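This report refers to the structure that appears directly beneath it.
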Amino acid sequence: MSLFITFEGVEGSGKTSQIQRLKKYLLQKGIPCKITREPGGCPISEKVRKILLNPGHREMVPMSELLLYEAARAQHVKDVIKPFLKKGGVVLCDRFNDATIAYQGYGRKMDLALVKRLNHISSQGIKPDVTFLLDCPSDVGLKRALQRNRMLKQEKEERFEKEKLPFHQRVRKGYLAIAKKEPSRVRVIDTREGEDKVFEKIRKIVDNLLVGSSEL
Ligand code: TMP
């Protein structure tokens with residue numbers, strides 16, 4: 001039984017804690033699983049992440065940004081995602097293709113057909129079985145993300161958090177458009193319901209998938 005599960009959402013949508021909870025839940029059931037993330041997930045792609053999220057890189061043009069996300073993905077899919085799925089494990093990935101459509105396509109207003117084509121190439125035939133879109137209004141999420149950075153005294157990794165609210169509103173619009181187009185894969189969960197309720201919804205959907213895949 002192999003499953004590829006991705007988590008998406010605007011900044012501050014609480015993906016990290018839900019991913020951790022799901023990992024704990026799966027391990028308790030004796031199901032091998034692995035948390036990974038994009039951009040990043042393997043040594044080369046983590047280096048690309050540092051370049052992408054460095055707040056000093058103000059001069060980075062949207063095309064090089066897009067290509068770097070895709071480059072990081074190509075390496076990550078080959079080194080981490082494909083091998084783990086092949087072994088029959090569950091991969092929990094913090095962002096994937098949908099993020100590039102939402103951020104570079106909708107946020108940066110890059111050509112959507114180009115973004116999709118590059119996503120298709122870099123993901124090498126891998127598609128999430130389910131994607132949890134943790135949704136909340138962009139201003140609510142952004143506030144949470146900035147608060148978290150302050151608490152962690154984290155000055156780095158904030159190139160996108162420096163973007164103004166309209167950018168983040170376009171990103172959210174992009175995510176919701178993807179969910180509307182692919183409702184059976186992309187499950188939208190309102191994070192304002194609170195962490196516990198959000199996890200209950202995720203757990204139920206994953207349990208159903210596990211039953212389905214063990215019957216195959
Ligand atoms: P994170 O903060 O959720 O780890 O994500 C890192 C940042 O990278 C986040 O601001 C979203 C952005 N991003 C893109 O712009 N395009 C992409 O394809 C991915 C995977 C992430």
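Here S213 clears all of (1) of a type in the set (S, T, Y); (2) surrounded by 20 or more Cβ atoms within 10 Å (Cβ to Cβ); (3) touching a residue at least 60 places away in the same chain (Cβ under 8 Å) except the condition numbered (2). Taking the stated definitions as given, is G40 small (G, A, S), without any contact (Cβ under 8 Å) to a residue 40 or more places away in the chain and away from the ligand (no atom under 14 Å from the Cβ)? Answer is no for this residue.
Looking at V171, V115, can you tell me which residue is within 14 Å of the ligand (Cβ to nearest atom) and either closer than 26 Å to I205 by Cα or free of Cβ contacts under 8 Å to residues at least 40 places away in the same chain (or both)? Being within 14 Å of the ligand (Cβ to nearest atom) and either closer than 26 Å to I205 by Cα or free of Cβ contacts under 8 Å to residues at least 40 places away in the same chain (or both) holds for just one of V171, V115, which is V171. Only one of the listed residues (K197, K204, K109) is surrounded by fewer than 15 Cβ atoms within 10 Å (Cβ to Cβ) and in contact (Cβ under 8 Å) with a residue 24 or more places away in the chain. That residue is K109.
Taking region 66-104 as the range and being near the ligand (Cβ under 8 Å from one of its atoms), out of contact with any Asp or Glu (no Cβ under 7 Å at 6 or more places or on another chain) and aromatic (F, W, Y) as the test, the residues that pass are Y69, Y103. The set of residues in region 118-152 being surrounded by fewer than 19 Cβ atoms within 10 Å (Cβ to Cβ), polar (S, T, N, Q) and in a helix (DSSP H, G or I) consists of Q147, N149.
No lab work stands behind these numbers, since they all come straight from the coordinates. The structure displayed is predicted, hence computed values, not measured ones. Heads up, the Cβs are rebuilt from the backbone with ideal geometry, glycines too, and the neighbour counts pull from every protein chain shown.
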